Amino acid sequence: MKLFNFLSNNDNKMDIINFEKLFILLGLYINDGDVKKQVIYQVDYMNNSQYKRHKTKFNGCLIGLTDYGYIERFRVPYSFNKDDIEGLKDKLELQTNKSIDIEFISSSNGAYFDIKVYNHKLKSKYNFELIEPPIKDKIVVTLGYGRLGLLDFIIDKHIGLFGESGSGKSTTLKTILTQLVLNYKPSELQLYLSDNKGGTELNIYSNIEHTKAFTKDIKGLKDIFKDLNKEADRRYNLLFNSKLEDIKSYNNKFKKDKLPVILFVIEEFASVYKDKSIQSMLQLALSQWRSIGIYILITTQRPSSKIVTGDLKCNLGIILGLKTLDSNNSNVVIDKYNLLNNLRGNGHGYIRYNGKLNEFQSFYIDHTQVKRLIRKLEIKKENIKDDNVKSNIIELKKEGYKDPKDNNNNIGEVKDFSFLNDL
Ligand SMILES: Nc1ncnc2c1ncn2[C@@H]1O[C@H](COP(=O)(O)OP(=O)(O)OP(=O)(O)O)[C@@H](O)[C@H]1O
Ligand SMILES: [Mg+2]
C-alpha cells in the first residue's frame, strides 16, 4: 500500500479535491438562527505531524492514498440522513469529473462517511476479453472492469442479475457464460439453462457439452428442478457417506473424482415466478444447494419487491445490479436508494459480493461473437471428449487470449481501501 506516499514525494501530481469548497458550492449549510453554518466537518483522524502538514496544505482530511485514488473522511452532520449524503455522489462527480464512492462508517464515536475518489473513470464500453482464471481450483468469472481494474468473482453462491429492460442483463450473462465454458471443462462446470424469453438469448449455448439441459418453457424448468433435486440427493449422500460437509472438502479429498460445479440459469424469472410450485422448488433449492456446488443465477427486468422478495434476496450471495427504472428498485436490488437508477445502462452496474459494493462495466459481447467463440465446443454427432475442449481453448488463446498475469490491474492484486475497516 502506497499510503501517504505523496506526503514524502513532492513530485506527486495527484489532484486532491478541496471538498470544503465544494460543499459550500453545493449549498451544504443549515440555518442556525440567522447564521448559516457549514455542517459537514472533516474528521481529524491523523494526528501526526505529516498529516498536519498535509492538512494545512490541502485543507482536506486525507486518510488513505493508493495507486487508484484516495479517501477523505467526514462526520455525518446533525440532521442529515444517509440519503442526503448518498445524494452527494452525483453532484460531486459532476463537479469534479471524477468517479466517487460514498461509504458509511458507524463507530462508538459517531457516524462518519468516507468519500473515495478514483483517478480513473470507467469507460462506457470494454470489448470482451477472455481472462484466464486467477485461481485454479475455483470457478472464477471475470465480469469486466471495476474501478480497480479487472473485476472477477468466484461462483460459490447463488447470483441475482437485475436491471431494467435494455440495462445489459443478457449481454452480461453472455459474458459470464462464455468465460465459463471457454475456461472450464465440462467435468468442472455444467450448465442448466432456462430461458423464459422465448429461448432466443441462451439457445446459442444449448448445443455444447457443458450444457446438460436447455429449456424455454415452464414444464422444462420444472423438469430441471426435478433432475437437480435428484443430483442434490446424490451429492448429499456422497457427502454423508464420506463424512464431509461441503463440495469444497469433497473435491479436496477426491481429487480424481471431483463433483463439477453446476450453474442453473433462470433468465427472466418474472415470467415464471407466479407458478406456486416453481416458487417453492426455488426457495428450497436456494436454501439447500449452495453447500453441494449447485448455484442458481436468476435474472429479471422487473426487480420490484414483489418479485425480488426478501426471502429470495437473502439467499442470493452475489448481486449484480444494473440500471433500474427507479430508486425503489435500486433499493430492492442493492439496498441503496438513488444508486442503480442513476447508472448509464448498457452493462454499467454494481456488484455486491463478500460484503463489498463495487462499480463495474461488464464486457460487451454480442451473439455473433459468442457463436464464433464457442463454435468449437459444439457437440457434433459424436461426443466431444474433454481433451478436445482443452485443445479448443489452446486455439482460442492464440486468438487473443489474455493472461491476467499480463495485467497488473487485476483486482485480486489490488491494495485496496480495506485498511479503513481497522480504523
Ligand atoms: N456490457 C455492455 N457494454 C456496452 N453495451 C452494452 C453492454 N450490455 C448491453 N449493452 C447495450 O445494451 C443493449 C441491450 O442489452 P441487453 O439485451 O443485454 O439488455 P437486457 O437487460 O437483457 O434487456 P431485456 O431485459 O430487454 O432483455 C445491447 O444491445 C447493447 O447495445
Ligand atoms: Mg435480455
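Multiply the residue separation of Leu357 and Ser107 by 0.36 nm, subtract the distance between their alpha-carbon atoms, and state the gained length in nm to one decimal. Result for the pair: 88.0 nm of gain on full extension. Residue ranges 247-259, 190-202 sort as 190-202, 247-259 when ordered by packing (mean number of other C-beta atoms within 10 Å per residue, highest first).
For the cross-link pairs Lys174/Lys258; Lys212/Lys248; Lys169/Lys212; Lys157/Lys185; Lys185/Lys219; Lys82/Lys197, the ones whose C-alpha atoms lie over 31 Å apart are Lys82/Lys197. Our estimate of slack between Asp90 and His367, defined as 0.36 nm per intervening residue step minus the Cα-Cα distance, is 96.3 nm. Straightening the chain between Ile154 and Tyr236 buys 27.3 nm, computed as 0.36 nm per residue apart minus the Cα-Cα spacing. The chymotrypsin sites (Phe, Trp or Tyr not before Pro) of region 62-148 that meet both conditions, a loop assignment by DSSP and at most 12 other Cβ atoms within 10 Å of the site Cβ, are Tyr78.
The ellipsoid that matches the Cα gyration tensor of region 126-414 has semi-axes, each √(5λ) in whole angstrom, of 26, 24, 19, with the longest given first. Between Asp223 and Glu245, the simple label model (points 7 Å from Cα in the Cβ direction) yields a spacing of 3.8 nm. Placing pseudo-labels 7 Å out from each Cα toward the beta carbon at Asn97 and Ser79 gives an inter-label distance of 3.5 nm.
Short-range pairs are left out: with C-alpha atoms under 8 Å and at least six residues apart, the relative contact order of region 307-376 is 25 percent. A cut-off of 5 Å between modelled amide H atoms, ignoring neighbours fewer than 5 places along the same chain, links Gly69 with Asn119.
Ranked by the mean number of other Cβ atoms within 10 Å of their residues, highest first, the peptides 358-366, 228-236 fall in the order 358-366, 228-236.
Every read-out reported here was derived from the displayed coordinates using simple, explicitly stated rules and does not represent laboratory data. The structure presented is a predicted model; accordingly, all values stated were derived computationally and were not measured. Heads up, the Cβs are rebuilt from the backbone with ideal geometry, glycines too, and the neighbour counts pull from every protein chain shown.
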